[in-house]
Amino acid sequence: MTTQQFQRIIPMENVLNFRDMGGYKTADGRVVKPGLIYRSADLSTMTEKDIALVQELKITVIFDYRDDHEAMKQPDPVIPSVQNIRVPAINEPGLTNVDYEKDLMKHMTLDAMMGMYGKMPINNPSFKRLMQLFQEQEGAAFLHHCMGGRDRTGVGGALILLTLGVERETIIEDYLISNETLTPMYDQMRDRLKAYIPEDQMDTYMNMLQLRREFLEAVFGAIESTYGTIDAYLEQEFGLDAESRTKVQNYYLV
């Protein structure tokens with residue numbers, strides 16, 4: 001992780017993977033404005049200081065990709081002057097309500113993950129609402145998140161950065177930061193899995209939990225196999241024609 005990437009991570013008392021998506025260069029030489037687009041993991045255990053920081057950052061909307069089961073179990077906080085919007089990005093309970101003993105590794109195989117990522121960007125109501133919000137915000141700050149802030153949030157973040165004209169390699173680098181910022185979560189998962197997985201197999205299983213560039217490349221591949229180009233995808237999925245995209249870029253780039 002580079003010094004620049006460390007600086008974009010915002011220290012929270014009880015929220016993992018909270019970071020600013022600003023600062024990335026676009027293909028045309030502009031830069032994503034800091035302080036407007038944030039991403040994170042679960043917010044349900046936010047402290048008073050964490051909530052105060054969200055208010056200090058002038059975040060006006062929290063967008064949640066989680067499903068009903070997740071949100072009921074660990075609800076987002078209600079913060080004055082902040083709107084909460086939730087539209088599930090994955091409506092397959094087996095993928096979000098995992099039985100650690102029986103199901104985790106079945107869902108975390110390379111093929112399963114590639115399949116999940118390949119489905120997410122196409123005709124997904126959650127990302128349609130996200131991109132609508134992205135346009136409506138007109139440069140005001142918002143936060144998007146899921147449980148780990150890695151898979152669903154990773155795809156949402158990629159779509160935002162694609163819209164702004166950030167290069168794919170940079171988008172992948174941003175996505176992979178979660179492997180390091182989520183170390184405490186992985187450590188907790190390792191402890192939980194000890195009851196189900198032999199110690200001599202643990203490293204292999206934990207390695208399966210790591211994000212891989214191939215997952216995000218599956219997103220790009222699905223988009224191009226379905227629509228041909230990123231431009232066609234953004235216009236047909238989200239109504240972001242050249243004029244609309246230029247308008248959004250003017251809000252979020254400098």
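The values are calculated or read from the model by the stated rules, or taken from the named source; none is laboratory data. Here the structure is a predicted model, which means the values were calculated and not measured. Counting neighbours? That spans all protein chains shown, and the Cβs are built from the backbone with ideal geometry, glycine included.
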Practice prompt. Tell me, please, whether a residue that is surrounded by 15 or more Cβ atoms within 10 Å (Cβ to Cβ) and either farther than 19 Å from MET114 by Cα or small (Gly, Ala, Ser) (or both) can be found in the stretch 197-210.
Written response: yes
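Please work out if GLN249 is closer than 28 Å to PHE18 by Cβ, in contact with a strand residue (DSSP E or B) (Cβ under 9 Å, 6 or more places away or on another chain) and assigned to a helix (DSSP H, G or I).
The answer is yes for GLN249.
Does the stretch 106-123 contain any residue that is polar (S, T, N, Q), part of a helix (DSSP H, G or I) and in contact with a helix residue (DSSP H, G or I) (Cβ under 9 Å, 6 or more places away or on another chain)? Give the steps one after another, and end with the answer.
Step one: filter the stretch 106-123 for residues polar (S, T, N, Q), giving 109, 123.
Those left that are additionally part of a helix (DSSP H, G or I): none.
No, there is no match, as no residue in the stretch 106-123 is polar (S, T, N, Q), part of a helix (DSSP H, G or I) and in contact with a helix residue (DSSP H, G or I) (Cβ under 9 Å, 6 or more places away or on another chain).
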Item to complete: Take LEU95 and decide whether it is in contact with a helix residue (DSSP H, G or I) (Cβ under 6 Å, 6 or more places away or on another chain) and at pLDDT 95 or above.
Response: no
Worksheet item: Can ILE85 be described as modelled with pLDDT under 95 and within 16 Å of the chain's Cα centre (by Cα)?
Response: no
Worksheet item: Would you pick out the residues in the stretch 126-176 that are over 29 Å from MET108 (Cβ atoms) and out of contact with any helix residue (DSSP H, G or I) (no Cβ under 7 Å at 6 or more places or on another chain)?
Response: GLN132, LEU133, GLU136, GLN137, ALA140, ALA141
Practice prompt. Could you tell me which residue of the stretch 149-167 is farthest from ILE9 (Cα to Cα), considering only residues that are part of a helix (DSSP H, G or I) and of a type in the set (Val, Ile, Thr)?
Written response: THR163
Fill in: Near pairs, Cβ below 8 angstrom, 6+ apart or cross-chain, from the stretch 30-52 (free of Cβ contacts under 8 Å to residues at least 60 places away in the same chain) to any residue that is not in a loop (DSSP other than H, G, I, E, B) and not charged (D, E, K, R)
MET46/VAL54
Fill in: The listed residue being at pLDDT 95 or above, part of a helix (DSSP H, G or I), within 30 Å of GLU167 (Cα to Cα) and of a type outside the set (D, E, K, R), out of VAL54, VAL15, VAL61
VAL54
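Table: residues versus (1) over 18 Å from the mean Cα position of the chain (by Cα); (2) under 26 Å from VAL32 (Cα atoms).
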site	(1), (2)
ARG150	no, yes
VAL166	no, yes
PRO184	no, no
ASN207	yes, no
LEU211	no, yes
LEU216	no, yes
VAL219	no, yes
SER244	yes, yes
Worksheet entry | Residue pairs meeting the criteria (Cβ under 6 Å; at least 6 apart or on separate chains; first in contact (Cβ under 8 Å) with a residue 24 or more places away in the chain and buried (at least 19 other Cβ atoms within 10 Å of the Cβ), in the stretch 231-244; second part of a loop (DSSP other than H, G, I, E, B) and of a type in the set (A, V, I, L, M, F, W, C)) | LEU234/LEU240
Practice prompt. Quick one: LYS119 ticks every box in (1) under 24 Å from ASP20 (Cα atoms); (2) modelled with pLDDT of 95 or more; (3) of a type in the set (D, E, K, R); (4) surrounded by fewer than 18 Cβ atoms within 10 Å (Cβ to Cβ) except a single one, so which number is it?
Written response: (1)
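Condition check ((1) crowded, with 22+ Cβ neighbours inside 10 Å; (2) touching a residue at least 40 places away in the same chain (Cβ under 8 Å)) across all residues:
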{"residue": "TYR175", "(1), (2)": "yes, yes"}
{"residue": "GLU180", "(1), (2)": "no, yes"}
{"residue": "ASP187", "(1), (2)": "no, no"}
{"residue": "ARG192", "(1), (2)": "no, yes"}
